[in-house]
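Participant: Below is the structure I would like to discuss, written out as structure tokens.
Quick note: the coordinates plus some simple rules give every number you see, no bench work behind them. All values reported here derive from a predicted model rather than from experimental measurement. For neighbour counting, all protein chains shown are included, and Cβ atoms are generated from backbone atoms with ideal geometry for every residue, glycine included.
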Amino acid sequence: MATEQPAAPTEEQLEILEYNFCKVDKHPDATTLCLIAAETGLSEEQTRKWFKQRLSEWRKSEGLPSESGSVRD
């Protein structure tokens, strides 16, 4: 059985996600993720995955290992 892949976020959803990533928190807690998901219309899981992938991209651009813990560790 093939499962349908969720559609990629729209440009408007990406703007909201990027704003929250850059201006609010790169490591949102569960409550914040829930609020961002509600604002974008994405599922919490889609939102969580987007933040995880975006954080990995950001870490690489900063010359940090993509999968290690936060710099606060």
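Participant: Of all residues being touching a residue at least 12 places away in the same chain (Cβ under 8 Å) and part of a helix (DSSP H, G or I) in region 19-29, which is farthest from S66 (Cα to Cα)? Just the residue, please. It would help to see each step written out before you state the result.
Facilitator: First, the residues of region 19-29 that are touching a residue at least 12 places away in the same chain (Cβ under 8 Å): 20-21, 26-28.
Checking the rest, the ones that are also part of a helix (DSSP H, G or I) come to 20-21.
Numbers: N20: 20, F21: 16 Å.
Checked region 19-29; the qualifying residue farthest from S66 (Cα to Cα) is N20.
Participant: Now a separate question. Across region 39-62, what is the number of residues that are farther than 13 Å from L17 by Cα and small (G, A, S)? Talk me through it step by step, then tell me what you get.
Facilitator: Of region 39-62, the ones farther than 13 Å from L17 by Cα are 45, 56-62.
Keeping just the survivors that are small (G, A, S) gives 56, 61.
Counting residues in region 39-62 that are farther than 13 Å from L17 by Cα and small (G, A, S) gives 2.
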